[in-house]
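Scroll down for the structure; my scribbles are underneath it.
The values are calculated or read from the model by the stated rules, or taken from the named source; none is laboratory data. It should be emphasised that the depicted structure is a prediction, and the values quoted were computed from it without experimental measurement. FYI the Cβ positions are ideal-geometry reconstructions off the backbone, even for glycines, and counts take in every protein chain you see. Surface accessibility is based on the protein's heavy atoms, side chains included, excluding ligands, DNA and RNA. Shrake-Rupley method; radii C 1.70, N 1.55, O 1.52, S 1.80 Å.
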Amino acid sequence: MGAPEPAAPLSQPAPAFSYEHEGTGSSRPTLARGLEVLRCFTPLEPLLGNKEISVRTGLPKPTVSRLTYTLTKLGYLRHNMRLGKYQLGSACCRSAYPLLASMERAPGRAAADERSSPDYCNGSVSMGIRDRLNMVYVESCRSGKRHHHAARHRTSVPISVSVIGRAFLAACTPPEREAVLNH
């Protein structure tokens, strides 16, 4: 028995969920399928139809139809009748708000450094969190200005090809880095 593995920092979510042992199609848990539907929406593609969601998730269109119906009834999606497409609903904000609010108060967050570092180096500083094999920008600050990265850029970038992803990997412990790279 070796030394116990260090616990992952609280700011990092669990490793990517894998369906390898769960099968495919209808054997996937319903909750996981519903969350995969929500993950399809991006700032660049805020409106999606059932067919587009089906292509992105690999789920059959009838399954997507049942999921979008349920997610709409629960407030996680809104149906745009005119376009026949869906967009994220207010329940998504309600679910994400506690995470974002806790980041504002999190001890160890480099808020003071974040405000001064961009001016000191005449550059920019960004904060992100891991989501599976991507990094999601939470906030960016350029010298003299604070703005939300999502307002002007993609909110999610692959770990393997992005500066913020490589910075994340550099900050990981060797076992954490190996686990991410193996995915």
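Give me the residue from the stretch 71-85 that is more than 16 Å from residue 40 (Cα to Cα) and outside any loop (DSSP other than H, G, I, E, B) and, out of that set, least open to solvent (accessible area, probe 1.4 Å).
Selected residue: 80.
Looking at the structure I just gave you, is residue 59 in a helix (DSSP H, G or I), open to solvent by less than 70 Å² (accessible area, probe 1.4 Å) and either within 19 Å of residue 32 (Cα to Cα) or touching a residue at least 60 places away in the same chain (Cβ under 8 Å) (or both)?
Against the criterion (in a helix (DSSP H, G or I), open to solvent by less than 70 Å² (accessible area, probe 1.4 Å) and either within 19 Å of residue 32 (Cα to Cα) or touching a residue at least 60 places away in the same chain (Cβ under 8 Å) (or both)), residue 59 does not qualify.
Here's the yes/no breakdown for (1) polar (S, T, N, Q); (2) modelled with pLDDT of 75 or more; (3) surrounded by fewer than 11 Cβ atoms within 10 Å (Cβ to Cβ):
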site: 93; (1), (2), (3): no, yes, no
site: 113; (1), (2), (3): no, no, no
site: 121; (1), (2), (3): no, no, yes
site: 128; (1), (2), (3): no, yes, no
site: 132; (1), (2), (3): no, yes, no
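Of everything in the stretch 95-111, what is open to solvent by less than 70 Å² (accessible area, probe 1.4 Å) and at pLDDT below 65? Give them in sequence order.
Selection gives 106, 109, 110, 111.
For residue 15, work out the one condition from (1) farther than 20 Å from residue 157 by Cα; (2) open to solvent by 70 Å² or more (accessible area, probe 1.4 Å); (3) modelled with pLDDT under 95 it doesn't fulfil.
Exception for residue 15: condition (1).
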